[in-house]
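Student: Next up is a structure, given as structure tokens.
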Amino acid sequence: MSDYIQANTNGKLHDANEPSVSVLDRSFLYGDSIYEVCRTYDGVLFAYDEHWDRLKRSAGALGLELPFDRGVLLTEIRRTVSAFFDRIGEKGEIYVRLQVSRGAGAIGLDTGLADRPLYALIVQRLKEWPEERIRKGFKLAVSTTLYRNSVQTLNPAWKTGNYLNNLLCLREARLKGADEVLILNLDGAVAEASVCNLFFIKGKRLITPPPSAGILEGITRKIVLREVASAWKLDIAEEPVYPAQFDEFDECFMTSTTKDIGPVSGIDDIAFKVGKKTLTSKIRKMFADYVKQHNEQRIEMRIF
């Protein structure tokens, strides 16, 4: 598998290892940026409109002007993907990351010092969860040293370039030997994992933390709630979940754009059911069926 990464900075195609952004860029100096990550399924860019809508919401929250419209961005993604495949000589599922910075300019926090917005696209091979990990499930550890940003501070609903909170929480979990972290909010309720939303299952009841808990409203999370769970007529609840409740649940799983649905085998010393006979496994199958239907209905999103 090629480890080459293709970049596109403001329309200029280049190797991602080549410098293309000024050290005065505000994304580098202050994390003054937003981003989105998309992926393909069978060559079709998945949920592009949903990602575009969330990008606009994040830009609006930061008062950041987008330097393109929906169509221009899609054209640049196609150009970057084409250049990537030309370079590596073969096609396969891809990961696309877009970052939009407020730009460079004189040093200082005042946003009025920024010159003009800048965007950078990154395209690489999609790295999915290994099948063995899906079969065995993921081990999570609760972060005990840091908590999720409050929605009254830097709202996690904004997909910004500042991920230090998530990064340090994940570091703590990895030092404990876990695969992922479970981050609590300041009230002690479950927020999310480092880059995944969380779901809990009790019988046929599906429970996930609400946006007010301090989460990024993931695209896969939204599809599971809106399409998959409703089709199965599951009892769906968006409500606070606390660590004291963990031993009441039968199953737990994570959702992510690049990884879709990943079963959780345990959180610290609490174990959950995993395997082919679980509701999580059925939800994974339902999600795969939704993806297939999506691809058939949005053929214009095929990029290879």
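Student: In terms of modelled amide H atoms, which long-range or inter-chain residues lie less than 5 Å from the amide H of Leu206?
Tutor: Under 5 Å from the amide H of Leu206 lie the amide H atoms of Asp235, Ile236, Ala237, each far enough along the sequence or on another chain.
Student: Could you tell me the center-to-center distance, by alpha carbons, between region 58-82 and region 233-294 in angstrom?
Tutor: 32 Å
Student: Considering the zone a paramagnetic label at Arg79 would reach in this model (a point 7 Å from Cα along the Cα-to-Cβ line), which residues of region 101-140 have amide N under 13 Å from it?
Tutor: Inside the label zone: 119-121.
Student: According to the Kirkwood expression over distinct Cα-Cα pairs, how big is the hydrodynamic radius of region 6-125, in Å?
Tutor: Values: mean 1/r = 0.0671 Å⁻¹.
After inverting the pairwise mean of 1/r, the radius is 14.9 Å.
Student: Taking square-rooted eigenvalues a ≥ b ≥ c of the alpha carbon gyration tensor, is region 111-169 rounded, prolate or oblate, where a/c under 1.5 means rounded and, failing that, a/b exceeding b/c means prolate?
Tutor: Judged from the Cα gyration tensor, region 111-169 comes out oblate (a/c at least 1.5, b/c at or above a/b).
Student: Let me ask something else. Taking 7 Å along the Cα-to-C-beta vector as the label spot, tell me the Leu154-Ala288 distance in nanometres, rounded to one decimal.
Tutor: Placing both labels 7 Å beyond Cα along the Cβ direction yields 3.8 nm.
Student: Another question, then. Between Asp3 and Ile107, 0.36 nm times their residue separation minus their Cα-Cα distance comes to what?
Tutor: Fully extending the segment from Asp3 to Ile107 adds 34.0 nm.
Student: Can you give the relative contact order of the chain as a percent, counting alpha carbon pairs under 8 Å and 6+ residues apart?
Tutor: Answer for the chain is 19 percent.
Student: Moving to a separate point now. Go through Lys202/Lys282; Lys91/Lys127; Lys139/Lys277; Lys204/Lys285; Lys136/Lys233; Lys204/Lys282 and tell me which ones have a Cα-Cα distance over 21 Å in this structure.
Tutor: Result: Lys136/Lys233 exceed 21 Å.
Student: May I pose another question? With a Förster radius of 25 Å, plug the Cβ-Cβ distance of Tyr30 and Thr144 into 1/(1 + (r/R0)^6) and report the FRET value to the nearest 0.05.
Tutor: Once rounded, the FRET efficiency stands at 0.30.
Student: For region 89-131, what is one quarter of the convex hull surface built on the Cα atoms, given in nm²?
Tutor: Averaging across all directions leaves 5.3 nm² for the Cα convex hull.
Student: I need the calculated FRET efficiency for the pair Lys56 and Leu126, taking r as the beta carbon distance and R₀ as 30 Å, to the nearest 0.05.
Tutor: That gives a FRET efficiency of 0.75.
Student: Taking every alpha carbon pair in the chain, what does the distance histogram look like in 10 angstrom bins from 0, in percent?
Tutor: So the P(r) values, bin by bin, are 6, 26, 33, 25, 9, 1.
Student: Using just the helices of the chain, give the 222 nm mean residue ellipticity in deg cm²/dmol: DSSP H runs with n ≥ 4 each add -39,500 (n - 2.57), and the total is spread over all residues, rounded to 500.
Tutor: Taking each H run of at least 4 residues, the total per residue is -8000 deg cm²/dmol.
Student: How far, in nm, would the chain grow between Lys202 and Ala231 when pulled straight, counting 0.36 nm per residue and subtracting the alpha carbon separation?
Tutor: That works out to 8.7 nm of additional length.
Student: Right, next: Where Rh is the Kirkwood radius over the Cα pairs of region 131-294, the temperature 20 °C and the viscosity 1.002 mPa s, what D in µm²/s does Stokes-Einstein return?
Tutor: Values: Rh = 15.8 Å.
Taking Rh from Cα pairs, D becomes 136 µm²/s.
Every number in this text was worked out from the coordinates using simple rules, so none of it is lab data. All figures in this text were calculated on a predicted structure; none of them were measured in a lab. FYI the Cβ positions are ideal-geometry reconstructions off the backbone, even for glycines, and counts take in every protein chain you see.
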